[in-house]
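Engineer: Okay, here's the structure, questions in a sec.
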Amino acid sequence: MIAHITGKLIHKQPNAIIVDVGGVGYELTVPLSTFYDLGEAGTEVSLRVHTHVREDALQLFGFRTEREKKLFLLLVSVSGIGPKLAVTVLSGLSAEELVQAIRAGNLAKLVGIPGVGKKTAERMLLELKDKAAAILPPGLEEVSSAGGAVAQTGDAMREDVISALVNLGYQKAQAEKAVGTVLKDSPDANFTTTLKQSLRTLAK
C-alpha cells in the first residue's frame with residue numbers, strides 16, 4: 001500500500017501528474033488544489049497518497065496536504081461518492097469552501113459541482129457536517145502558493161482551460177462562457193488564474 005511519494009515531477013496537467021521515483025514513473029490523480037501548488041516539470045515533489053484497489057485496476061490519488069487527504073477519505077465514505085467524484089468535489093471547491101458549504105447546509109453550492117446530484121449532496125450534508133468541521137476550524141483561510149502558475153498565454157491557454165473544465169464534468173458551452181468572461185476582465189491572466197476564476201464563475 002503506497003501512502004507517500006517523493007520524487008521528480010515529470011508531467012502535470014489538471015487532475016493528473018506523473019512522478020519519477022528511482023526511475024519508475026507513478027501516475028497520480030490529483031485535485032486542482034494540489035495541481036495549483038505544484039511547480040513545473042523537473043521539480044521535486046512530496047505527496048500524501050491514497051491507494052485505491054479495484055479488481056481491474058490500482059489507482060493512486062495524491063494530495064499536497066494531510067487536510068486534503070482527510071477530506072478525500074471523508075468524501076469516499078459517503079454512499080454514492082467514489083474516488084473520482086471525490087477528486088472532482090475537491091477540484092470544484094477549496095477545502096475551506098467545501099467545509100463551509102457542509103457546515104452551513106448549502107445544498108445549492110454542492111449541487112453546483114459536476115456529478116453531484118441532490119441526493120448525493122444531501123447525504124454529504126447529513127453524514128459529514130460534524131466530521132468535516134473538525135478538519136477545518138472556522139476562519140482558517142485556504143493558502144495556495146504561486147508555484148503552480150503556468151506561463152502560457154493566448155488561444156492555446158484558453159483551449160487548455162476549457163479542456164480542463166470539460167474533464168472536470170462541465171459542459172463545453174458552460175466552460176467556454178466562463179473562460180470568456182474571465183479573460184474579458186483579465187486578458188493577461190495565466191492558465192492557473194484563469195482556471196481558478198473560471199471555476200469560481202461556474203460555482204456562482
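Read the figures in this text as sums done on the coordinates, not as results from a lab. Please read these numbers as outputs of a predicted model, since none were measured by experiment. So basically every Cβ, Gly included, is an ideal-geometry build from the backbone, and we count neighbours across all protein chains shown.
Engineer: Rank by packing, highest mean first: peptides 30-37, 158-165, with packing defined as the count of other Cβ atoms within 10 Å averaged across residues.
Structural biologist: Sorting 30-37, 158-165 by mean packing, highest first, produces 30-37, 158-165.
Engineer: Using Cα positions and a limit of under 18 Å, work out the lysines in reach of K131, with same-chain residues fewer than 8 apart set aside.
Structural biologist: The reachable lysines, counting only those whose Cα sits under 18 Å from K131, are K69, K70.
Engineer: Shifting gears a bit: How much length is gained on full extension from Q59 to I18, taking 0.36 nm per residue of separation minus their Cα-Cα distance?
Structural biologist: Full extension of this stretch gives 13.5 nm more.
Engineer: While we're looking at this one, here's another question. Under 21 Å Cα to Cα from K177, which lysines show up? Leave out anything in the same chain fewer than 8 places away.
Structural biologist: K109, K196, K204
Engineer: Taking the Cβ of each residue in E40, E96 as the centre, tally the other Cβ atoms inside 10 Å and list the residues starting with the fewest.
Structural biologist: Listed from fewest to most nearby Cβ atoms, that is E40, E96.
Engineer: Nearest 500 deg cm²/dmol is fine: what mean residue ellipticity at 222 nm does the chain get from its DSSP H runs of n ≥ 4 alone, each adding -39,500 (n - 2.57), divided by its residue count?
Structural biologist: Computed mean residue ellipticity for the chain: -15000 deg cm²/dmol.
Engineer: If packing is taken as the mean number of other Cβ atoms within 10 Å per residue, what is the order of 193-201, 53-61, highest first?
Structural biologist: Put in order of decreasing packing, that is 193-201, 53-61.
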